[in-house]
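The values are calculated or read from the model by the stated rules, or taken from the named source; none is laboratory data. Keep in mind it's a predicted model, so treat the numbers as computed, not measured. Cβ placement follows ideal geometry from the backbone for every residue including glycine, while neighbour counts extend to all protein chains displayed. Only protein heavy atoms, including side chains, enter the accessible area calculation; ligands, DNA and RNA are left aside. Shrake-Rupley method; radii C 1.70, N 1.55, O 1.52, S 1.80 Å.
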Amino acid sequence: MAAAAGDVRGAAEARFISSAKGKGLFATRSIRKGEAVFVEKPVVSSQFLWNALYNYRACDHCLRALETAEENAQRLLGRSSLVLPHPEQCSIRKDLHQQCPRCQVTYCSAECRQAALEQYHQVLCLGPSRDDPTHPLNKLQEAWRNMHYPPETSSIMLMARMVATVKQAKDKDWWIKAFSQFCSKTANEEEEIAHKLLGDKFKGQLELLRLLFTEALYDEQLSRWFTPEGFRSLFALVGTNGQGIGTSSLSQWVHACDALDLPMLQREELDAFIDQLYKDIEKESGEFLNCEGSGLYMLQSCCNHSCIPNAETSFPDNNFLLYLTALEDIEAGENKLLLRVHRKKLSAWPVSLCSQEICISYLDCCQRERSRHSRNKILRENYLFTCSCPKCLAQADDPDVTSDEEEEAEGETDDAELEDEMTDV
């Protein structure tokens, strides 16, 4: 049963840190830069609803992209005549795809179809009602789409699969306990998360979702999850702990092409073709390139944030398998000296990585380069905490202004300096 709830293999374990910080992830041995700290299956996962509606075809269980790389590129470009070179580098095996015989949702393999059937699909299978707008599950999904527009960050179906998993399980208490181990929030924090996901009218929308959720999935043993307080907590659990998942057959094809041993001229031609392809796709489809969803990962959810992370997550297998990879060597009781660049001056400060704690960043690369004030503004709005990582502590005396304000101030200073120079002339 543990394997079904999130198969993990690696060199880390979760430990309790404090009541304020909760759990953290720690290395159980020395880890080298570039090494996979662990590989983890989610407890439960689901594709985003708008993403699926817009024909980003993914396995209904593991989110593996189902289109060939060429089909993927053709759809994103809106150009059915496109032909990709080196089609043999596409990893998609359409001959292995299977459908549920009752509702026709598609899986990448017989193994995924069976895994879904055994864990949750018996409860959630719509059968001949898949296209019936009056079916309770379809009403729930439509309501969610009308409240949570792209870019998507969560899905009501992740919660539905949690309920279905418990309903189908022989040992229901084991699964309830497993879900309860994810990070929880106070009542006020739960409301902030709902507000962030649903907008200003979140209270009325949350109640509508709860009523539809109850109509579709009510279970006596999970009765607390269907009360206003319990549903809000469940909603916040998914909003707080859900890890985004992205898969792409085109991306897989590009990585395979990068590894080809080609003559220099052919390599240059292929690289130029790929660069132009992505430019054209960006014009047509913008930032929405991948099959996207989210999942609950037992171990990954214990990773705390740092603005100078020593690990990062990725999905190199084109499915829901999460790889946590070390960005630097991680040793026991590691202490090191980090260089700090601030206002064009280089300085250094000692950093202790909390006795082997493994941290990821909740911010993207661009956000991490912004001021401490800007970073923490984003973290408070989206994750409800203020960062106290070594970088933030070292910058504690910096002015409390956002990066945009800093840029404006620097611009004004430059103008003033230029005016002085002109006066001197």
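Here are a few things to note about the model shown:
- Selection status of L63, open to solvent by less than 10 Å² (accessible area, probe 1.4 Å), closer than 30 Å to C257 by Cα and touching a residue at least 24 places away in the same chain (Cβ under 8 Å): yes
- Boolean, E192 is of a type in the set (D, E) and at pLDDT below 90: yes
- Being closer than 26 Å to L208 by Cβ, over 20 Å from the mean Cα position of the chain (by Cα), open to solvent by 40 Å² or more (accessible area, probe 1.4 Å) and not charged (D, E, K, R) is a description that applies to N146.
- Flag for E142 being in contact with an Asp or Glu (Cβ under 9 Å, 6 or more places away or on another chain) and not hydrophobic (A, V, I, L, M, F, W, C): no
- Condition check for C125 on (1) open to solvent by 20 Å² or more (accessible area, probe 1.4 Å); (2) touching a helix residue (DSSP H, G or I) at 6+ places or on another chain (Cβ under 8 Å): one failure, at (2).
- Positions within region 274-302 being farther than 23 Å from N319 by Cβ, exposed (fewer than 14 other Cβ atoms within 10 Å of the Cβ) and not polar (S, T, N, Q), in sequence order: D275, K279, E282, K283, E284, G286
- The lone criterion from (1) closer than 26 Å to V163 by Cβ; (2) open to solvent by 60 Å² or more (accessible area, probe 1.4 Å); (3) of a type in the set (A, V, I, L, M) left unmet by V83 is number (1).
- Selection within region 33-53: residues that are aliphatic (A, V, I, L, M) and over 16 Å from H121 (Cβ atoms). The member of this set that is most open to solvent (accessible area, probe 1.4 Å) is L53.
- Extreme residue, farthest from the chain's Cα centre (by Cα), among residues of region 150-197 that are surrounded by 18 or more Cβ atoms within 10 Å (Cβ to Cβ) and hydroxyl-bearing (S, T, Y): T165
- Within region 255-270, residues that are open to solvent by 100 Å² or more (accessible area, probe 1.4 Å) have Cβ atoms under 9 Å from residues that are part of a helix (DSSP H, G or I) and of a type outside the set (D, E, K, R) in these pairs: H255/Q89, counting only partners at least 6 apart in sequence or on another chain.
- Identity of the residue in region 366-384, assigned to a loop (DSSP other than H, G, I, E, B) and open to solvent by 60 Å² or more (accessible area, probe 1.4 Å), that ends up farthest from I308 (Cα to Cα): R370
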